[in-house]
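Read the figures in this text as sums done on the coordinates, not as results from a lab. In this text the structure is predicted, and so the values were computed from the model without any measurement. Ideal geometry is used to build each Cβ from the backbone, glycine not excepted, and the neighbour counts take in all protein chains shown.
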Amino acid sequence: MADGTKIEWTDATLNVVNGCSVISPGCANCYAMRAGGRNLPGHPSTGLTMPSKAGHVWTGEVRLNERALVLPLHWRRPRTIFWNAHGDLFHNDVSDAWIDRCFAVMALTPHHTHQVLTKRSARMQSYCANPWTPQRIARVILDEAAAWGVSGTDALAPCGDRAREQDPSFVHWPLPNVWKGVSVEDQKRADERIPDLLATPAAVRFLSCEPLLGPVDLTNITGAEKSRDYGSPVHGWSAIWQNNGLGRACLDWVIVGGESGPGSRPMHPDWARGLRDQCAAAGVPFLMKQWGDWELALDRERDDPDWRADYTNDYVDRGKSKWLNLEGGCGFHGKRFVVMRSVGKRAAGRLLDGVQHDGMPK
Ligand code: SF4
């Protein structure tokens with residue numbers, strides 16, 4: 001776990017759940033899975049992958065790190081903490097009891113902001129919307145706080161006055177210091193996961209669109225938004241974006257990023273622009289995390305009169321360029337296309353049309 005991280009949108013990472021399994025196209029070049037192949041001593045992925053023709057892949061084992069779990073309890077300076085950069089808290093092999101323990105630590109550390117991101121949106125929704133979840137978390141706090149080195153009323157005070165009554169329902173749910181998000185790499189995953197996110201009780205909801213592999217239109221996604229206040233009625237079916245009858249967007253933050261590392265896939269600039277513009281229209285904070293390895297080398301207009309031109313010598317032969325149309329296929333005449341060039345993450349940077357976007361939820 002890293003107190004201090006290169007991830008642009010957080011202060012620290014905490015690897016409590018390590019090991020995973022591939023679930024969707026965004027996982028194809030999972031950096032955590034690749035890292036397992038390096039066999040670095042003490043690395044969260046070490047021992048959890050095995051060699052294959054496609055490189056190192058997860059074995060399927062998921063490991064839980066007790067030592068990492070309690071670290072936030074000992075961090076006095078407030079931090080924004082990203083949980084589980086090398087796994088998924090809502091993976092099938094993580095029991096509800098372990099998830100309860102993670103949320104218990106989050107409840108006991110209201111001075112931190114905790115970020116939970118998943119591709120298993122359906123499980124996050126069912127876990128978080130289960131009316132017994134807050135009481136189970138309360139029971140963990142009452143049973144384990146002393147063993148974790150947090151004693152008596154000190155342990156319970158952050159959760160409110162009712163804690164002093166040893167009331168197992170004292171956990172304020174959803175926890176106000178926990179942001180819940182889903183990964184979205186393309187429209188299919190947006191259509192599947194965002195309705196689950198909207199139905200998840202959460203103080204803050206966010207999308208991580210990284211690696212972004214296709215265009216994503218958020219304006220037509222509908223979902224029954226679970227009120228941010230646990231127990232309040234569910235809003236009716238509504239568009240998540242504008243004119244949804246709520247007077248605000250149901251999403252609080254969108255992060256966009258391209259892919260880096262061996263085999264990385266380029267991100268079409270219009271995919272990132274599209275999400276940027278949708279966020280601007282809806283007043284949603286937008287953060288451009290990175291281009292990944294790829295930068296824009298050539299942008300040809302639709303119905304390009306030069307479609308017969310051969311750009312091979314300039315780009316393709318180097319093996320470092322790819323032609324992309326808007327749908328993610330290769331460029332064809334009659335369609336606007338771009339040529340993306342692999343230059344490495346550092347050189348590609350994170351400016352979108354010359355602007356650095358660092359939006360964050362308030
Ligand atoms: S869900 Fe995340 S950690 Fe798991 S395989 Fe996919 S990218 Fe890797």
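Odds and ends about this structure:
- When the convex hull of its Cα atoms is projected in every direction, mean area for region 7-149 (nm²): 9.1
- ³J(HN,Hα) computed for each position of region 204-209 - Karplus, 6.51 cos²θ - 1.76 cosθ + 1.60, integer Hz, glycine/proline x: 9, 10, 9, 10, 10, 9
- Between Lys53 and Glu327, the distance separating the two model label sites (each 7 Å from Cα on the Cα→Cβ line) works out to 2.9 nm.
- Every pair of different Cα atoms in region 53-126 enters the Kirkwood calculation, which places the hydrodynamic radius at 13.7 Å.
- Label-to-label distance, nm, for residues given as Ala147 and Gln187 (7 Å Cα→Cβ offset): 5.0
- 3J(HN,Hα) along region 251-257: 9, 10, 6, 10, 10, 10, x Hz, from the Karplus curve 6.51 cos²θ - 1.76 cosθ + 1.60 with θ = phi - 60°, whole Hz, x for Gly and Pro.
- 5 angstrom amide H check on Thr80, placed H, neighbours 5+ away: Asp11, Ala12, Thr113
- Which listed pairs, of Lys119/Lys320; Lys119/Lys362; Lys53/Lys345; Lys6/Lys345, have C-alpha distances above 19 Å, in listed order: Lys119/Lys320; Lys119/Lys362; Lys53/Lys345
- Cut-off under 5 Å, modelled amide H: who pairs with Val178 long-range: His114, Ala203
- Length gained on full extension, Asp270 to Asp358, computed as 0.36 nm times the residue gap minus the Cα-Cα distance: 29.8 nm.
- Using a Förster distance of 30 Å, the FRET efficiency for Arg76-Gln135 (Cβ separation, nearest 0.05): 0.55
- When the alpha-carbon atoms of region 74-201 are used, the pair Rg, Dmax equals 15.0, 48 angstrom.
- Leu298 long-range amide H proximity, modeled H, under 5 Å: Val339
- Modelled this way, with points 7 Å down the Cα-to-C-beta line, the labels at Ser24 and Asn220 are 1.8 nm from one another.
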